[in-house]
Amino acid sequence: MEFVFLIFLPILAALFIPTLYKRIKGIHTGWFVLLVPVLLFAYYTTFIRTTMEGGHAVSEVQWIPSLGISFVSYIDGLSLLFSLLITGIGALVVLYSIFYLDKNKEKLGNFYVYLLLFMSAMLGVVQSDNVISLYLFWELTSISSFLLIGYWFTRDGSRFGALKSMMITVFGGLMMLGGFILLGIMEERSPSESSLQAHPHLSDMSFSL
């Protein structure tokens, strides 16, 4: 199986969270959610040996071949480090929320959907080797972080923080897109091409844990 699909595992799991929350009242929904980051963390640890030896792993799935747009997961030492941080800290956040958020008072279905969306978005950002998919994942972080920060939307602080986060990430995303377009013009190629292909000297840089 192409491991690029694992980036979308949290999104897939998020589809079932509302149903689990409504139908299984006796068990805190967080226990089901916890399986996702734990399994991802365990899987990504299998790449440690490869990256420590200076190698990398690539998995690609074509999305719009005619435009050179695809989902590419490029795992080297640096992206692996962040992937482990995302899934590891994500697991700790879910574990903490199980004891912090009351299953009878809080809308856990919403919270965990937002959290899983954010996890997928961050994994996509740190692993993407296609600038168009990287931009899409970045914008997904804007949306998911807005929803996550504004979870307690009845509080003024939550609404203000959510709007502030949205403004910063969206503005940053537009600047990123502008940079990609300029790089594409300078290289006389489509901005959807891999950053490593567009800048061969970057492929000589090895990052290991």
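The values are calculated or read from the model by the stated rules, or taken from the named source; none is laboratory data. As the structure is a computational prediction, the values presented were derived from the model and not from experiment. Reconstructed Cβ throughout: ideal geometry from the backbone, glycine too, with neighbour counts over all protein chains shown.
Numbers for the structure displayed
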read-out: Residue count, segment 42-68 (criterion: of a type in the set (A, V, I, L, M, F, W, C) and under 14 Å from Gln127 (Cα atoms)); value: 4
read-out: Selection within segment 67-96 - in contact with a Leu (Cβ under 8 Å, 6 or more places away or on another chain) and either among the aromatic types (Phe, Trp, Tyr) or closer than 18 Å to Leu148 by Cβ (or both); value: Tyr74, Ile86, Thr87, Gly90, Ala91, Val93, Val94, Leu95
read-out: Residue in segment 102-109 that is modelled with pLDDT under 90 and surrounded by 21 or more Cβ atoms within 10 Å (Cβ to Cβ) present; value: yes
read-out: Helices (runs of 4 or more DSSP H) (entirely within segment 119-209) containing at least 2 residues that are hydroxyl-bearing (Ser, Thr, Tyr) and at pLDDT below 85; value: 156-186
read-out: Test: residue in segment 78-93 that is crowded, with 18+ Cβ neighbours inside 10 Å and over 17 Å from Ala121 (Cα atoms); value: no
read-out: Odd one out for Phe99 among (1) exposed (fewer than 15 other Cβ atoms within 10 Å of the Cβ); (2) under 12 Å from the mean Cα position of the chain (by Cα); (3) not acidic (Asp, Glu); value: (2)
read-out: Residue match in segment 157-167 (condition: over 14 Å from the mean Cα position of the chain (by Cα) and hydroxyl-bearing (Ser, Thr, Tyr)); value: yes
read-out: Test for Ile75: is it of a type in the set (A, V, I, L, M) and touching a His at 6+ places or on another chain (Cβ under 7 Å); value: yes
